[in-house]
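The values are calculated or read from the model by the stated rules, or taken from the named source; none is laboratory data. What you see is a predicted model, and the numbers here were worked out from it, not measured in a lab. Quick reminder, even Gly has a Cβ in these numbers, built from the backbone with ideal geometry, and neighbours come from all protein chains shown.
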Amino acid sequence: MLFCKTSTSLMKEIKANNYSIYFSSSGYRELDLFIKANNYSQIFIHLDDNTKKHCLEVFLKQIQKFNFKKILSKPGEKNKNIQSCVQLWDKLSLLSGDRKSLILNLGGGVVGDMGGFIASTFKRGIDYINIPTTLLSMVDASIGGKTGIDLGILKNQIGTFYDPKMVIVDPLYLETLNKNELISGYAEIFKHSIISSSEIFDKLISTNTDINFNNLQTIRDSIKIKNEIVLVDKKENKERKALNFGHTLGHAIESYFLDSKTRLLHGEAIAIGIVLASHISSKLFGFSSQKLNSIKSHILSIYNKVLFNKNDIDRIIKLLVHDKKNSHGKINFILIKDIGKPVYDIEVDNNLIIEAFKYYSI
Ligand SMILES: NC(=O)c1ccc[n+]([C@@H]2O[C@H](COP(=O)([O-])OP(=O)(O)OC[C@H]3O[C@@H](n4cnc5c(N)ncnc54)[C@H](O)[C@@H]3O)[C@@H](O)[C@H]2O)c1
């Protein structure tokens, strides 16, 4: 058994803006109390086909019995769109959802982002809770109150800031998660360390291929980093932008491959974005080349190298104009001077981006 010895300090909740993040059994206890204390007219469990199959029973075994109705989405990023939302709003309406309804999002980032979005808009906003079932959604998507959907191939173009009532993180769900998805989530854990903690960065780098992806301590450390940043700057005016390190190019790469046969998972695209942003950081801010090389070799020890030709790179650069961090027609990058020292809103010349792709590719 992987998770039988969980220390009390690991289980202690993390306080977020207006809600708390609970771990494993303490989370289910809090959920039981929360449901008892709030007289919800309806409780909906939002799932996708995979979490219905793998996670619903696990979840129901952990909590006291309550009446609920299921609302189902199709899995995957390609379904994180307005058509899926219309179906979910219809379903809520058909099942007599009202303003005093609660949605429990039991799934990965797609279920959470979309479930949070429909909760924030249905009847001008109803309560929701995130129970993330992928590594990525545990350490990133379920935390911080960003909800949203894609617009065509463009990521997260429509959305709201709308906090959940609580988040319950239980690595138990990771046992059925496909290895590639697990590895994909790790990119955000690694990114969190780069933007904020040389201690955790050194620890992760030193483990190299020996990483235990579903280790609760690592998950908790990573959530803590994201949460602390969101507490300082919820609406992404400055500090929260650091969470986008590797994402400017990462999102463009992800969008580019959404339309092609070689699909890349979110974290796989972000991992490439991290190497590219670190390279640009070394050129513009003197980020240590030794650390840059460690980042690249750490990433390539985990993720397969993706081949880009000139046409791919040109088209990826074109997609950058849609990045949500842009303003006044400028493409803004988050870079680093050192581990834990991000710099914000940096314009980067296309030639430097092309050079970064070359560095990644050799
Ligand atoms: N809101 C935010 O702040 C934020 C931050 C980061 C990422 N995101 C978003 O998160 C999304 C990616 O999330 P994701 O990586 O969790 O992808 P996902 O939700 O698509 O889940 C990945 C796959 O795993 C399946 N799955 C989920 N849990 C499972 C389990 N326990 N066992 C077996 N299969 C399971 C899903 O059905 C899906 O097929 C992207 O849309 C990204 O934009 C949002």
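Observations on the structure shown:
- In the set (1) of a type in the set (Asp, Glu); (2) surrounded by 13 or more Cβ atoms within 10 Å (Cβ to Cβ); (3) at pLDDT 95 or above, Glu77 fails one condition alone, (3).
- When Ile153, Ile149 are checked against the criterion of being within 12 Å of the ligand (Cβ to nearest atom) and more than 22 Å from Glu30 (Cα to Cα), Ile149 stands alone in meeting it.
- Matching entry among Leu31, Leu72 (being modelled with pLDDT of 95 or more and either surrounded by fewer than 17 Cβ atoms within 10 Å (Cβ to Cβ) or within 13 Å of the ligand (Cβ to nearest atom) (or both)): Leu72
- So Lys36, is it among the basic types (Lys, Arg), out of contact with any Pro (no Cβ under 6 Å at 6 or more places or on another chain) and within 16 Å of the ligand (Cβ to nearest atom): no
- The conditions of being at pLDDT below 95 and of a type outside the set (Val, Ile, Thr) are not met by His298.
- Pair list, Cβ < 6 Å and 6+ apart or interchain, from segment 215-236 residues that are free of Cβ contacts under 8 Å to residues at least 12 places away in the same chain to residues that are crowded, with 17+ Cβ neighbours inside 10 Å: Val232/Glu239; Asp233/Glu239; Asp233/Arg240
- Lone unmet requirement of (1) out of contact with any Lys or Arg (no Cβ under 6 Å at 6 or more places or on another chain); (2) closer than 21 Å to Lys155 by Cβ; (3) buried (at least 18 other Cβ atoms within 10 Å of the Cβ) for Ile334: (1)
- Qualifying residue in segment 150-159 (condition: of a type outside the set (Val, Ile, Thr), touching a Pro at 6+ places or on another chain (Cβ under 8 Å) and under 23 Å from Gly76 (Cβ atoms)): no
- Just so you know, in segment 5-28 the residues that are away from the ligand (no atom under 14 Å from the Cβ) and within 22 Å of Ser101 (Cα to Cα) include one that is modelled with the lowest pLDDT, and it is Asn18.
- Options Ile200, Ile158, Ile219, Ile194; residue that is under 15 Å from the mean Cα position of the chain (by Cα) and on the phi < 0 side of the Ramachandran plot: Ile219
- Check on Glu347, in contact with a Lys or Arg (Cβ under 7 Å, 6 or more places away or on another chain) and among the charged types (D, E, K, R): yes
- Count - residues of segment 232-278 that are modelled with pLDDT of 95 or more, among the aliphatic types (A, V, I, L, M) and surrounded by fewer than 18 Cβ atoms within 10 Å (Cβ to Cβ): 1
- Flag if Ile143 is among the aliphatic types (A, V, I, L, M) and in contact (Cβ under 8 Å) with a residue 40 or more places away in the chain: yes
- Residue ID - nearest to the ligand (Cβ to nearest atom), chosen from residues in segment 88-98 that are loosely packed, with under 15 Cβ neighbours inside 10 Å and part of a helix (DSSP H, G or I): Asp90
- Residue list for segment 222-269, filter: within 30 Å of Glu13 (Cα to Cα), out of contact with any Lys or Arg (no Cβ under 9 Å at 6 or more places or on another chain) and away from the ligand (no atom under 14 Å from the Cβ): Lys224, Glu228, Asn237, Lys238, Glu239
- The set of residues in segment 134-146 that are among the polar types (S, T, N, Q) and either surrounded by fewer than 17 Cβ atoms within 10 Å (Cβ to Cβ) or within 6 Å of the ligand (Cβ to nearest atom) (or both) comprises Thr134, Ser137.
- Pairing each residue of segment 310-337 that is assigned by TED's automatic domain parsing to the domain that holds Leu151 with any residue that is modelled with pLDDT of 95 or more and buried (at least 19 other Cβ atoms within 10 Å of the Cβ), provided the two are 6+ apart or on different chains, yields no C-beta distance under 7 Å.
- Identification of helices (runs of 4 or more DSSP H) wholly contained in segment 10-85 with 2 or more residues that are over 19 Å from Glu175 (Cβ atoms) yields 24-37.
- Test: residue in segment 169-180 that is under 30 Å from Gln83 (Cα atoms), away from the ligand (no atom under 12 Å from the Cβ) and at pLDDT 95 or above: yes
- Only one entry of Lys310, Lys291 meets the criterion of being among the charged types (D, E, K, R), surrounded by fewer than 17 Cβ atoms within 10 Å (Cβ to Cβ), in contact with a helix residue (DSSP H, G or I) (Cβ under 9 Å, 6 or more places away or on another chain) and at pLDDT 95 or above, and that entry is Lys310.
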